[in-house]
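Notes to accompany the following structure.
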Amino acid sequence: MKKGQQYNSYNQPIGYPVTNWSTRAYPKKSTLEGTNCRLEKVDPNKHLEDLYQVYGPQSNPKNWTYIPLVPFKNKIEFSEYLTEMSHSKDPFHYAIIDKTSGKALGTVALMRINPEHGTIEVGFVIYSDQLKKTRIATEAQYLLACYALDELGYRRYEWKCDVLNEPSKNAALRLGFVFEGVFRNAVVYKERNRDTAWFSILESEWPKQKARMESWLSDSNFTADGEQRKRLNEF
């Protein structure tokens with residue numbers, strides 16, 4: 001928590017104190033359980049068939065415009081990639097499971113993990129069209145943020161995307177991330193330039209954003225038909 005600016009003996013500002021700080025742990029939980037969904041560490045034996053529909057040739061080509069991947073052409077190729085994902089510690093990949101159908105509808109990951117300074121990013125947000133703009137999609141983001149900020153105790157939770165990716169920028173703002181600026185000429189991908197938009201939630205900001213998300217996710221905010229009564233931005 002910020003407790004006031006510090007000054008050194010030369011009367012120079014040196015930042016807010018961070019007391020009793022210790023290095024944070026790497027993510028290692030294999031399951032994050034929610035009401036409507038759960039996040040499971042990616043497993044080729046469990047998730048290949050479902051995620052091939054998200055990552056394979058039948059996926060919506062528009063979904064790949066701002067992702068530094070292209071759809072996989074065949075299941076063998078994707079199986080090899082999914083195996084690599086399952087072994088990776090950074091990024092640490094989760095499959096998003098619809099608890100009603102039991103199907104994996106997309107993936108999300110914790111990445112750019114810096115335990116020493118307590119910074120971590122949510123990335124590899126790859127959703128099927130079935131998952132987009134649903135209660136499950138928001139709950140998946142909620143579960144991952146709770147794990148990173150509450151359970152693991154990271155200080156800074158990041159989101160970044162191509163500055164031209166309006167849906168991703170809008171999603172970040174809707175979830176409570178604060179826009180910080182643009183890194184120009186930050187990345188070259190798909191034979192083009194990417195200027196990268198940066199967003200974050202700090203540990204001190206998370207309780208308010210967590211409460212917003214819990215209010216939106218509450219059963220009382222949804223009709224019997226599953227329609228939201230209030231948008232997240234209204235909380």
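Every read-out reported here was derived from the displayed coordinates using simple, explicitly stated rules and does not represent laboratory data. Being a predicted model, the structure only gives us computed values, none of them experimental. For neighbour counting, all protein chains shown are included, and Cβ atoms are generated from backbone atoms with ideal geometry for every residue, glycine included.
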Mind telling me which of PRO207, PRO17, PRO61 comes out most flexible in a GNM of the chain, alpha-carbon contacts under 10 Å? PRO17
Amide H proximity to LYS103 below 5 Å, modelled H, separation 5+ or other chain, gives ASP98
Work through the residues other than HIS117 whose Cβ is under 10 Å from its Cβ and net out their charges, Lys, Arg +1 and Asp, Glu -1. +2
Report the paramagnetic label zone for SER220: residues of segment 15-46 whose backbone N is under 20 Å from a point 7 Å from Cα along the Cα-to-Cβ axis. 35-36
Under 12 Å Cα-Cα from LYS160, which aspartates and glutamates qualify once same-chain neighbours fewer than 8 residues away are excluded? GLU121, GLU180, ASP195
Short version: what are the Cα gyration tensor semi-axes of the chain, square root of 5 times each eigenvalue, largest first, in whole Å? 31, 22, 18
Which ordering of CYS146, CYS37, CYS161 is given by a fewest-first count of other beta-carbon atoms within 10 Å? CYS146, CYS161, CYS37
Strictly over 21 Å apart at the Cα level, which of LYS41/LYS89; LYS103/LYS133; LYS103/LYS210; LYS41/LYS99 would you flag in this model? LYS103/LYS210
Once fully extended, how much extra length lies between LYS89 and ASP195, figured as 0.36 nm per residue of separation less the alpha-carbon to alpha-carbon distance? 35.5 nm
Per-residue HN-Hα couplings for segment 59-74 [Karplus 6.51, -1.76, 1.60; θ = phi - 60°; Hz; x = Gly/Pro]: 6, 5, x, 5, 5, 9, 4, 10, 10, x, 9, 10, x, 7, 7, 8
Only bridges whose two residues both fall in the chain count here: according to DSSP, what percent of them are antiparallel, nearest 5? 95 percent
Can you tell me the 0 to 90 degree angle between the C-alpha axis of helix 75-87 and the longest principal axis of the chain, rounded to 10? 30 degrees
Amide H to amide H, which residues 5 or more places from VAL42 or on other chains are under 5 Å from it, using H placed in the peptide plane? HIS93, TYR94, ALA95
From the backbone phi of segment 217-226, what are the Karplus-calculated ³J(HN,Hα) couplings (6.51 cos²θ - 1.76 cosθ + 1.60, θ = phi - 60°) in whole Hz, Gly and Pro given as x? 6, 4, 4, 5, 8, 10, 6, 4, 8, x
Taking θ = phi - 60°, what integer Hz values does the Karplus form 6.51 cos²θ - 1.76 cosθ + 1.60 yield along segment 104-117, in sequence order, with x for Gly and Pro? 7, 10, x, 9, 7, 9, 9, 8, 6, 7, 10, x, 5, 9
With +1 assigned to the C-beta of every Lys and Arg and -1 to the C-beta of every Asp and Glu, and no other charges, what is the dipole magnitude of the chain about the Cα centre in debye, to the nearest 20? 420 debye
For PHE235 and SER9, what is the calculated FRET efficiency with R₀ set at 41 Å and r taken between the beta-carbons, to the nearest 0.05? 0.35
If I build a Gaussian network model for the chain, linking alpha-carbon pairs within less than 10 angstrom, which residue out of ASN74, ASN60, ASN11 has the largest mean-square fluctuation? ASN11
Sequence-distant residues sharing a close amide H with ARG155 (under 5 Å, placed H): THR119
